[in-house]
Amino acid sequence: VSRLYDTIEPSVIDDEMLHRSVEEQGPKEEAGRIAKQEGIDFSDVESLRLDYKNILKIDNLWCFTSLTKLQLDNNIIEKIEGLDHLVNLIWLGKAY
C-alpha cells in the first residue's frame, strides 16, 4: 500500500474533486445525466466518499450541511479543518 502513495501526488480537496466524487456516487443513467446538467447542490448530499484520493488536508466541506456520512479511508491526512460546519455528521470513516 505504501508504494501506491509514493507514485501518486498528494492532493487537497478542491471543487473539482468534490464535484467528481459526488457525481460518481450519485444517480446513474438518465437521472445522473439530468443531475449533472442541472448541477448538484452540495447542501443536499448526505453521504460522501473521499477514500483512496491521497488527500493531505481535509477542508472545503462547509457547504455539505446535510452530510451524515463521510468516508476518508486510505489517505495521507495530516490536517482536518472545518468539520464543525457538518452539524448532521454522525459517521466519520477511519482515516489512515
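The values are calculated or read from the model by the stated rules, or taken from the named source; none is laboratory data. Given the structure is predicted, the values throughout are model-derived calculations rather than measurements. Neighbour counts run over all protein chains shown; Cβ positions are idealised from the backbone, glycine included. All accessible areas refer to the heavy atoms of the entire protein, side chains included, with ligands and DNA or RNA removed. Shrake-Rupley method; radii C 1.70, N 1.55, O 1.52, S 1.80 Å.
Using a 1.4 Å probe on the protein chains only, how many percent of the accessible area of the chain belongs to carbon and sulfur?
Working: 3170 of 6350 Å².
Roughly 50 percent of what the probe reaches on the chain is carbon or sulfur.
When the helices in the chain are scored as -39500 (n - 2.57) per DSSP H run of 4 or longer and the sum is shared across all residues, what 222 nm value do you end up with, to the nearest 500 deg cm²/dmol? All intermediate terms of the calculation are to be shown ahead of the outcome.
Values: 3 runs with 27 residues, N = 96.
Calculated at 222 nm, the ellipticity per residue is -8000 deg cm²/dmol.
Under a plain spin-label model, where a point goes 7 Å from the Cα along Cα-to-Cβ, how far apart in nm are GLN25 and GLU81?
A separation of 2.2 nm, rounded to one decimal place.
Using the Cα gyration tensor of the chain, with a ≥ b ≥ c the square roots of its eigenvalues, what is the shape: rounded (a/c below 1.5), prolate (a/b larger than b/c) or oblate (neither)?
Details: a/c = 2.07, a/b = 1.36, b/c = 1.53.
Oblate is the answer for the chain, as a/c is 1.5 or above yet b/c matches or exceeds a/b.
Provide the per residue accessible area, probe 1.4 Å, for the stretch 30-96, rounded to a whole number of square angstrom. Provide the component values of the computation, followed by the final result.
Numbers: 4070 Å² over 67 residues.
That works out to 61 Å² per residue.
Ordering ILE76, ILE58 from largest to smallest accessible area (1.4 angstrom probe), what's the sequence?
Details: ILE76 50, ILE58 0 Å².
Solvent-accessible surface, decreasing: ILE76, ILE58.
Leaving out same-chain residues fewer than 8 places away, which lysines sit with a Cα under 26 Å from that of LYS79?
The qualifying lysines are LYS53, LYS57, LYS69, LYS94.
Using a 1.4 Å probe and counting only protein heavy atoms, arrange VAL22, VAL12 so the residue with the most accessible area comes first. List each step's numbers first, then the result.
Values: VAL22 15, VAL12 80 Å².
Greatest to least solvent exposure: VAL12, VAL22.
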